[in-house]
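A short write-up of the structure that comes next.
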Amino acid sequence: MPSQSTVSAVRETLKGQVIETPSWGYGNSGTRFKVFAQAGVPRDPFEKLDDAAKVQEFTGVAPRVSLHIPWDKAEDYAALGAHAAKRGLELGAINSNTFQDDAYRLGSVTHPDAGVRRKAVAHLLECVDIMDATGSRDLKLWFADGTNYPGQDDIVARQERLADALAEVYARLGDGQRLLLEYKFFEPAFYTTDVPDWGTAFRHCLKLGPKAQVVVDTGHHAPGTNIEFIVATLLHEGRLGAFDFNSRFYADDDLMVGAADPFQLFRIMHEVIRNGGMDAERNVNFMLDQCHNIEQKIPAVIRSVMNVQEATAKALLVDTEALRDAQLAGDVLAANAVLMDAYNTDVRPLLAEVRTGMGLAPDPVAAYHASGWQRHIEAARVGGEQAGWGA
């Protein structure tokens, strides 16, 4: 059993945890075949913030919201920021979109046509302008760029075009702003992807400078990939900027984090904690990236936040001294048992105590359903075009 001092330290860490939720997690979303509309989903970014505020109200650890441009375009970003502040929120990462325009059929920043590349870079620079207006720290970049057929384009030339585009955007960043580069090993390009793995993203970030860091999307890996190794390595090199937390069974499924493999989430959080990723000066952004296709939006986001909290709590309970002793002694079974003991701990009572101590209900999902907010938005948000997937 962990000591009382250990449990107290765990409580304090959990109280200070910050999980950033995605604006697109609150709107309509879908598969490649169908977008499933739901009653009561937000019709604009202001209503998305209203829903995010409910997640914060019942969890206490989700005060930041990522925006996606142009899905969350606003005429007055100062007004959007003021609306967030009024709801007890702040605007987080600005996510660019260079994958939904016909011009990007053959790529965006790596397109062989200089005019298309210029269009894509202009959008990225616009996102930095939005960062200036909202006070956002992070510009998150994911590119759908790649090729479908051998010989379609020059692989090295595409890397050079990518480097040129990133360098121009990096030079535009202000003090305290970061460029976060995300990777994905396939889709929608199937022969080559221009940022297919953490090594490619890491290499580009090293060339850019210290304000460029890597995003690890937990759904963007081939089956069997040891994600915690990637996390540990990037933390050791000081280049882990953020997570996009979600779950996968087959590919980029974007399911609720911890739904498919909660043990993997625990292992990732163990490496985060072991390598200082929870330290404030590291500035690791713990973001969710999910598309809730068949489940209710807000309860699904709340559940993901809770799953991250549970994995974090279990990782914080690892007996690090016993683990180190077993590792140094070469005692394989003892070392594994230390991790399994922490993972098998039921931390739900501990988290209920933490929430109660923060003035929150011990069960955030039950509290949300009891609040009547779902019934309110379903009745109030009638008419207008729902803002969600592809909006």
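The values are calculated or read from the model by the stated rules, or taken from the named source; none is laboratory data. From a predicted model like this one, the values you see are computed outputs, not experimental measurements. For neighbour counting, all protein chains shown are included, and Cβ atoms are generated from backbone atoms with ideal geometry for every residue, glycine included. Keep in mind that these areas ignore ligands, DNA and RNA; they rest on the heavy atoms of the full protein, side chains included. Shrake-Rupley method; radii C 1.70, N 1.55, O 1.52, S 1.80 Å.
Using +1 at the Cβ of each Lys and Arg and -1 at the Cβ of each Asp and Glu in segment 232-391, identify which of 352, 234, 312 lies farthest towards the dipole's positive end.
In segment 232-391, that residue is 352.
What whole-number distance in Å separates the alpha-carbon centres of segment 24-65 and segment 66-86?
Cα centroid to Cα centroid, the span is 14 Å.
With point charges of +1 on the Cβ of Lys and Arg and -1 on the Cβ of Asp and Glu, referenced to the Cα centre of the chain, which listed residue (286, 16, 120) lies farthest in the positive direction of the dipole?
Towards the positive end, the residue furthest out is 16.
Taking H as built 1.01 Å from N, whose amide H comes closer than 5 Å to the amide H of residue 254, not counting residues under 5 places away?
Those lying under 5 Å, H to H, from residue 254 are 247.
What do you get for trypsin sites (Lys or Arg not before Pro) in segment 1-92 restricted to DSSP loop and a cutoff of at most 12 other Cβ within 10 Å of the site's Cβ?
In loop regions of segment 1-92 (DSSP not H, G, I, E or B), the sparsely surrounded trypsin sites (Lys or Arg not before Pro) are 32, 34.
What is the percent of Cα-Cα separations in segment 231-272 that go past 16 Å?
Tail of P(r) above 16 Å: 42 percent of Cα pairs.
Find the relative contact order for segment 152-234 and round it to a whole percent, using C-alpha pairs within less than 8 Å whose residues are 6+ positions apart.
RCO, segment 152-234: 28 percent.
Helix-only mean residue ellipticity at 222 nm, the chain, DSSP H runs n ≥ 4 weighted -39,500 (n - 2.57), per residue, nearest 500. What is it?
One gets -14000 deg cm²/dmol as the mean residue ellipticity at 222 nm.
Round to a whole number: what % of the accessible area of the chain belongs to carbon and sulfur, probe 1.4 Å?
54
How much area per residue is accessible in segment 260-391 when the probe is 1.4 Å and only protein heavy atoms are counted (Å²)?
Value returned for segment 260-391: 47 Å² of accessible area per residue.
To check you understand DSSP bridge types, tell me what percent of the beta bridges within the chain (both residues inside) are antiparallel, rounded to 5.
Antiparallel bridges make up about 15 percent of those DSSP assigns within the chain.
Using only C-alpha atoms and all pairs of different ones, pull out the Kirkwood radius for segment 214-366 in Å with one decimal.
16.4
Which whole-number percentage describes the relative contact order of the chain, with Cα contacts under 8 Å and a sequence gap of 6 or more?
It comes to 21 percent, rounded to a whole number.
How fast does the chain diffuse by Stokes-Einstein, in µm²/s, taking the Kirkwood radius from C-alpha pairs at 20 °C and 1.002 mPa s?
98
Which trypsin sites (Lys or Arg not before Pro) does segment 286-375 hold that lie in a coil by DSSP with at most 15 other beta carbons within 10 Å?
Of the trypsin sites (Lys or Arg not before Pro), not one in the loops of segment 286-375 has a Cβ with at most 15 other Cβ atoms within 10 Å.
Quick one: 3J(HN,Hα) in Hz for segment 94-99, Karplus 6.51/-1.76/1.60 with θ = phi - 60°, rounded, Gly and Pro as x.
Once rounded to whole Hz, the list reads 9, 9, 7, 9, 10, 9.
How large is ³J(HN,Hα) for each residue in segment 335-345, as worked out from phi by the Karplus curve 6.51 cos²θ - 1.76 cosθ + 1.60 (θ = phi - 60°), to whole Hz, x for Gly and Pro?
Here the 3J(HN,Hα) series is 4, 5, 5, 4, 5, 5, 4, 5, 5, 7, 6 Hz.
Based on Cβ point charges of +1 for Lys and Arg and -1 for Asp and Glu, what charge dipole magnitude is obtained for the chain about its Cα centre, in debye rounded to the nearest 20?
Dipole about the Cα centre, nearest 20: 380 debye.
How compact is segment 1-139 by the rule of thumb for globular proteins, expressed as Cα Rg over 2.2 N^0.38 Å?
1.30
Across segment 57-185, how many lysine pairs, 8 or more apart or on two chains, come within less than 22 Å at their alpha-carbon atoms?
Here the count comes out as 5.
If you plug each phi of segment 47-59 into the Karplus form 6.51 cos²θ - 1.76 cosθ + 1.60 with θ = phi - 60°, what whole-Hz ³J(HN,Hα) values come out, in order, with x for Gly and Pro?
The phi angles translate into 6, 4, 5, 4, 6, 4, 4, 5, 5, 5, 4, 9, 10 Hz.
With every protein chain present, what is the per residue accessible area of segment 123-256 (1.4 Å probe, Å²)?
For segment 123-256, the solvent-accessible area averages 39 Å² per residue.
Treating segment 160-233 as a set of equal point scatterers at the Cα positions, no solvent, please give the Debye-formula log₁₀ I(q)/I(0) at q = 0.27 Å⁻¹.
One equal scatterer on each Cα of segment 160-233 leads to -1.29.
May I ask for the longest run of the chain untouched by chymotrypsin sites (Phe, Trp or Tyr not before Pro) that are loop-located per DSSP and have at most 16 neighbouring C-beta atoms (other than their own) within 10 Å?
251-391
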